[in-house]
Amino acid sequence: MQITYNYTLRIDPNVLKGAISGTSNNGNTTEPAWILSGVYKFTDVNSSSPRLNTTFYMIKIDGPAGHTHSIYDLKLLGNPVIEGNLNSTVYNGTTTVTLKDGPVSKVPTQISLLDDSVILITVDGNLTNKHFGTTPIYGTQQLICAEVPDLCK
């Protein structure tokens, strides 16, 4: 059986959803220390008050210390910056980030949408004790379980 993937499928141009998938370092080195895996939904993208909701697992690359985080309650600061020659849009604002000791609100956050296929979420390391390292949280603008649901049953 051959499966065809439609990576450009977006029913509503005002809604993005996809997978969080990447690694992060521990803030002291550039080597990967953690695997991040989860989902996000970014709605009202073309409005003055877009909404971001993401939840993902974070686990050490050798298996232990698994836990979850959420990032939500986006408050946009200014207008998105659209860079047509790079096919990217950057949103700056604040979010609430869940950590071990509870949610931290008003965390400066930058969301970058790249080439209709990638999302980068960068949260301020000072307010999160560099919990996510020094790299952005990466994701795709596709969600394989939505495109091929039989793989996720």
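What the table shows:
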quantity: Pair list, Cβ < 8 Å and 6+ apart or interchain, from segment 122-134 residues that are farther than 14 Å from M58 by Cα to residues that are of a type in the set (K, R); calculated: L127/K106
quantity: Within segment 28-142, strands (runs of 3 or more DSSP E) holding 1 or more residues that are basic (K, R); calculated: 34-43, 51-60, 67-76, 102-114
quantity: Sole exception among (1) loosely packed, with under 15 Cβ neighbours inside 10 Å; (2) over 21 Å from P32 (Cβ atoms) for G66, by number; calculated: (2)
quantity: Segment 38-58 residues that are within 26 Å of K100 (Cα to Cα), paired with ones that are modelled with pLDDT under 95 and of a type in the set (D, E) (beta carbon under 7 Å, 6 or more apart); calculated: R51/D44
quantity: Criterion: at pLDDT below 90 and more than 22 Å from L151 (Cβ to Cβ) - qualifying residue of S70, S88, S24; calculated: S88
quantity: Within segment 143-153, considering residues that are aliphatic (A, V, I, L, M) and assigned to a loop (DSSP other than H, G, I, E, B), the one farthest from T29 (Cα to Cα); calculated: V148
quantity: Meets criteria (free of Cβ contacts under 8 Å to residues at least 60 places away in the same chain and either surrounded by 15 or more Cβ atoms within 10 Å (Cβ to Cβ) or β-branched (V, I, T) (or both)) for P80; calculated: yes
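The values are calculated or read from the model by the stated rules, or taken from the named source; none is laboratory data. These numbers were taken from a predicted model, which means no experiment stands behind them. Reconstructed Cβ throughout: ideal geometry from the backbone, glycine too, with neighbour counts over all protein chains shown.
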